[in-house]
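Asker: What follows is a single structure, and I will ask about it in a moment.
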Amino acid sequence: MTPSNIASPVSVDSLVAAARAAEREGRRADARALYEDALQSLRGTSHTPLAASLLRWIARTHQEDGALEVAGEIAGAALEVSQRVDDPAGVAHANNLLGNVEQASGDLEAATGHYTQALRQARAAGDLQLAAMVEQNLGIIGTIRGDYRMALRQFRLSLATHRSLGRTAYVAHALNNVAMLCTRMRRWRPADRAFAEALELCGELGDVATGARIAGNRIELLVARGRWPEAREACARAREMAERAGDNGTLGEVWKHLGMIERETGRPREALRHLDRAGKVARERGDLLLEAQVAREQALVHWGRREHRGTLQALNRAHRLFTRLQARRELAEVDARLAELESTFLAIVAQWGDSIESADRYTRGHCERVANYACALAAAAGVEADVLLWFRMGALLHDVGKIVVPAEILNKPGALTPDERRLMERHPDAGVELIGEMDFPWDIRPMVRHHHEAWDGSGYPGGLAGEQIPLSARILCVADVYDALATDRPYRPAFPHERTLEIMARDAGHKLDPRLFALFRDLDLSAVAEPLLAAA
């Protein structure tokens, strides 16, 4: 006879069945409440395998909602209960769930440790389904770390085991992982087949939540192949499914992909509108990867419209976010993405500098040359290597404020009038105003504002002297003066190299920092004719 203070198994089973149905429909809050009711109904028998299972299922709903700390605490409680009642399968399930939480938190080492324990425990307990789930999770870790062969092997082992146990949602998850990895490996046909089968299976099972995620992932395949009409249709389908399932994460991915599609098909205004929506979802969910990807896409849209400030602002956001992901070791290709992003940064900054110089026929290429000389001198002066990329950007943009100076003044062959001189001397402050909102990872504003200061205090705009002048600006000043003397100007022809150094030597201690000039004089300038990208 069942004690009066314990609910009958039927009532708990019905609560669990209702909770699982709610999860399939994406109603995680409802599912969580039902699982908690089932756990509460156990009361005096709370230390049982069933109680541990309920704790795990509750933790899973928190994890899927992004509440990782709460999920970890509850999963840890489930592990303790399973250990207390000597339930090996329950211990394996709890370790697998703790691995999920650690992985979502970015700690891949801890996740791998939990998964390895779970796989060993699942095999010892004869739980084939759990072993297949853990193999799938180890495959995901391999994907994140860039070991695609190992990952594909794990996914296929998992898929084979799940298939042997019947056509269930686990088969759909395994197919989804195979399809996503094949997409990354550019194996289009296997990816197409796996996505199609996974979506068909979700439809058979009525699993809207899983189907929404898989439909969202399939868009990446279509975008990668440039199949824009199909990609639009896939976005509409995934959006409808995600809205039914209440899956904001998938919605964010859909908005991102729509932005990419509109950018590629020449609709930049619509692209930015969709990307703004995706960015809002990413921030609300704390999804750094999605937010970084969105910022990069926004930069590409702005670049296509030749909106340099908007481009650099978006690139700055993307770089900060990818750097945070790199610190969290969240995905293997983040280093490559950062390198690609930095190359894009330099290309855009150089393009902006070229567009400004186009008004001055005598200084074409000046910013690029100055950047080369300044980076070489900065390296000799001990500026850290990880700063040189941003130092180069500051050098490339040092004359950005000349956009306020009329072309006739920039190209005037004779001496400037006092009014013209005052207008010319506005360009450092104008440059700072132009880049003031860009928030570069390293502050380039002192270079832009103070590169015309003089060691003896006779420069502009601040009249700073000696070491009051920021080091970056003093370095840039040396490089700027060298290029001004060594190239043709409206009012005189270029000086030869040795004559240029003689003139600069007279200015050392007056206009130029004497220590920096001594370092510069010893440089082999022929070795810095090309950009110092390796040093950056």
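The values are calculated or read from the model by the stated rules, or taken from the named source; none is laboratory data. Please read all numbers here as calculations on a predicted model, not as lab measurements. Note that we place each Cβ from the backbone using ideal geometry, even for glycine, and neighbour counts take in every protein chain shown. Only protein heavy atoms, including side chains, enter the accessible area calculation; ligands, DNA and RNA are left aside. Shrake-Rupley method; radii C 1.70, N 1.55, O 1.52, S 1.80 Å.
Asker: How far is helix 366-380 tilted off the main Cα axis of the chain, in degrees rounded to 10, range 0 to 90?
Answerer: Around 80 degrees separate the two axes.
Asker: Something else now. Want the number for Glu73 to Asp86: 0.36 nm per residue separation, take away the alpha-carbon distance, what's left?
Answerer: Between Glu73 and Asp86, full extension yields 2.7 nm more.
Asker: Over the heavy atoms of Asp13, what accessible area does a 1.4 Å probe trace out, to the nearest 10 Å²?
Answerer: Asp13 has an accessible surface of roughly 90 Å² with all protein chains in place.
Asker: Let me ask something else. At Asp522 and Gln129, where each label point lies 7 Å from the Cα along Cα→Cβ, what is the point-to-point distance in nanometres?
Answerer: 7.3 nm
Asker: Here is a further query. With the convex hull built on the Cα atoms of the range 157-196, state its orientation-averaged projected area in nm².
Answerer: 2.5 nm²
Asker: Pairs of alpha-carbon atoms within less than 8 angstrom and 6+ residues apart define the contacts here; what relative contact order does the chain have, in percent?
Answerer: 8 percent
Asker: Rounded to the nearest percent, how much of the accessible area of the chain (1.4 Å probe, protein heavy atoms only) is carbon and sulfur?
Answerer: Of all accessible area on the chain, carbon and sulfur atoms account for 50 percent.
Asker: Hey, of (i) 47, 25, 21; (ii) 61, 24, 20; (iii) 68, 31, 21, which did the structure itself give for semi-axes √(5λ) of the Cα gyration tensor in Å when calculated?
Answerer: Computing semi-axes √(5λ) of the Cα gyration tensor in Å and matching it to (i) 47, 25, 21; (ii) 61, 24, 20; (iii) 68, 31, 21 gives (ii).
Asker: While we're here: In terms of Cα to Cα distance under 21 Å, which lysines are near enough to Lys402, apart from those fewer than 8 places away along the same chain?
Answerer: In chain and number order, the partners are Lys412.
Asker: Moving to a separate point now. I want to check the label-to-label distance for Val387 and Arg422. Put each point 7 Å from Cα in the C-beta direction and report it in nm to one decimal.
Answerer: Placing both labels 7 Å beyond Cα along the Cβ direction yields 3.6 nm.
Asker: To test your reading of the geometry: what angle, between 0 and 90 degrees and rounded to tens, separates the Cα axis of helix 88-105 from the longest principal axis of the chain?
Answerer: On a 0 to 90 degree scale, this one is about 20.
Asker: Amide H of Arg489 versus every other amide H placed in the peptide plane: which residues, excluding those fewer than 5 positions away on the same chain, fall under 5 Å?
Answerer: When sequence neighbours closer than 5 places are left aside, the close amide H contacts are Ala494.
Asker: While we're on this one: If one takes the longest principal axis of the Cα atoms in the chain, at what angle in degrees, from 0 to 90 and to the nearest 10, does the Cα axis of helix 228-245 lie?
Answerer: Here the helix axis deviates by roughly 50 degrees.
Asker: Any idea what the dipole of the chain comes to, in debye rounded to 20, about its Cα centre with Lys/Arg Cβ at +1 and Asp/Glu Cβ at -1?
Answerer: 1220 debye
Asker: At Ser343 and Arg43, where each label point lies 7 Å from the Cα along Cα→Cβ, what is the point-to-point distance in nanometres?
Answerer: 6.7 nm
Asker: Related question: Solvent-accessible area of Arg43, probe 1.4 Å, all protein chains present, reported in Å² to the nearest ten, please.
Answerer: 130 Å²
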